[in-house]
C-alpha cells in the first residue's frame, strides 16, 4: 500500500436517478474543513471531468451521503447530504436530495445498522440538512435487501424493487414555514424590467415557481436546449437567487447558496418529446416542469423538488395550482412531466381556518442499486 494514500470504506450506489458515494462519518476527519478536502479529493474536484476521482462530471452523479447510527429516539440513522462541486472546490450541504435519500435505508440494512425484517423493513432516517425525518420502506428477503422488481422510474433504464419514501412533516425544511413569505403568490421584478408572479414554497426543500409563459418559455424545453439558449438557465438563476433573499435564506443575491432554494418553471399538461425521444402525452401528466441541478437543467426532476411542487399544486392560488390539472387534487397525487418522463408524488395538504395551509404527508417511490463496495483511495495531502 502506497504511503501517499489513505483508504476509506465506501459504497458507491445509485439512489433513484442520482449516484454517489455513501460514507460513514466515523471514517472521515472530524474537522469539517479537512473532511470536505478529503471528499473533494475522493471525487476528483475541482475538475470539469472529475477524471481523477469518483465523480461522474454531472450534478446528478457528484453527490455524497454521510451516515452515522442515530442516538435520537425512534431514529435509526443520521444522514447528511452533500453536493460535491465539479468546477468549484466546495461541498454544499444546504439542502437534501430525495434520490440519494432512497439509498440510505438500503445502506443501513446492508451494513448491519438496521435489522432486516421481511417483507419490508422500515428505516427511520434523520436528515441533518433539513432537520426532518424520512421513512424508507425497503423490500427484504432472506435477510438482505431485494433489488429485482417490476417498478420503473423515468431516467433509469430497466426495472427494480420499489422503495417507498415517506417525508412526514416536511414543510418548512429551511425557512420554518410552508409559505415562507406568508403568501401563495408574490411579485418579482427582473433586471430587464419584467414583472413576474412567483410562488415561494418550502417543503422538503425550499423552491420558487414561475409560469413558463411568463418568462418566454413553453415548459417543454429540454437540457439540450440550454446549449443553444443559455438564457434559459440565466433567467432561472436570477429568479432563484432573488427568491432566496425573499425567503430570508440570505441577505443578498450574492450570498444565496448554489443549491438552495430550488427553481422551476411550470406549464399546463401538454404533449412533448423526452430527451430519450419518447413522447409524453398531456393525458399522462398533471403539469410539466423544468428545474435546475446546480448550473444545469435537471435531466429528470429532483425528488425533494417534486414534493415541493406537488404541495404547491394543492395550495389554491399558487402559480403551480393554476397550471395543474384539477384531477390531481382529487386523487392526492401529482404526475410531473420532466425531461426524461414522469415523476409521481403523493401528497396530502389541508387548509383550515386555525392553521392555514398544512402539509400532512408526502412521498415518492424509487429504486436503488449498489454498484461498488470497497475502499476508496484518498491522497494524504487532503488531510493536511
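Quick notes on this structure:
- Highest GNM mean-square fluctuation among 361, 270, 111, for the chain modelled with Cα contacts below 10 Å: 111.
- Figure legend: label point modelled 7 angstrom from the Cα of residue 194 along Cα→Cβ; residues of the range 225-254 with amide N under 19 Å from it are 225-244.
- The C-alpha atoms of the chain define a longest principal axis, and helix 303-314 lies at about 20 degrees to it.
- For the range 186-365: rounded, prolate or oblate by the Cα gyration tensor [a/c cutoff 1.5]: oblate
- Take every pair of alpha-carbon atoms less than 8 Å apart whose residues are at least six positions apart; their mean separation over the length of the chain yields a relative contact order of 19 percent.
- Cβ crowding within 10 Å, taken as a proxy for footprinting-reagent exposure, orders 309, 315 from fewest neighbours to most as 315, 309.
- The protection proxy used here, the mean number of other Cβ atoms lying within 10 Å of each residue, ranks peptides 232-239, 218-225 as follows, highest first: 232-239, 218-225.
- Full-extension gain in nm, residue 87 to residue 31, via 0.36 nm per residue minus C-alpha separation: 17.9 nm
- The GNM of the chain, with springs linking C-alpha atoms under 10 angstrom apart, assigns the highest mean-square fluctuation among 105, 277, 257 to 277.
- GNM remark for the chain: springs join alpha carbons under 10 Å apart, and the peak mean-square fluctuation among 88, 354, 344 falls on 354.
- A Förster radius of 51 Å, combined with the Cβ-Cβ distance separating residue 360 from residue 5, puts the computed FRET efficiency at roughly 0.55.
- Degrees between helix 231-246 axis and first principal axis of the chain (Cα, 0 to 90, nearest 10): 90
- Extension gain for the segment residue 375 to residue 279, taken as residue separation times 0.36 nm less the Cα-Cα distance, is 30.4 nm to one decimal.
- Where a label projected 7 Å from the Cα of residue 72 along Cα→Cβ would reach, residues of the range 169-203 with amide N under 17 Å: 169-177, 203
- FRET efficiency estimate (nearest 0.05) - Cβ-Cβ, residue 150 to residue 122, R0 22 angstrom: 0.55
- Sequence of 3, 63, 122 once ranked by neighbouring C-beta atoms within 10 Å, starting from the fewest: 3, 122, 63
- Relative contact order, whole percent, for the range 327-369 stands at 27, derived from Cα pairs under 8 Å and 6 or more residues apart.
- Alpha-carbon centroid distance for the pair the range 125-197 / the range 1-22, whole angstrom: 24
- Degrees separating the helix 32-43 axis from the principal Cα axis of the chain, which is the longest one: 90
- Label-point gap, in nm, between residue 254 and residue 227 - each point 7 angstrom along Cα→Cβ: 3.5
- Taking the number of Cβ atoms within 10 Å of each Cβ as an exposure proxy, the fewest-first ranking of 126, 265, 5 is 5, 126, 265.
- Note that the range 22-177 carries a Kirkwood radius of 16.6 Å, evaluated over its alpha carbons pair by pair.
- Shape call, the range 255-340: gyration tensor on alpha carbons, a/c limit 1.5: oblate
Throughout, read-outs are computed from the coordinates displayed, never taken from laboratory work. Small disclaimer: the values here were computed from a predicted structure and weren't measured. Note that each Cβ is placed from the backbone with ideal geometry, even for glycine, and that neighbours are counted across all protein chains shown.
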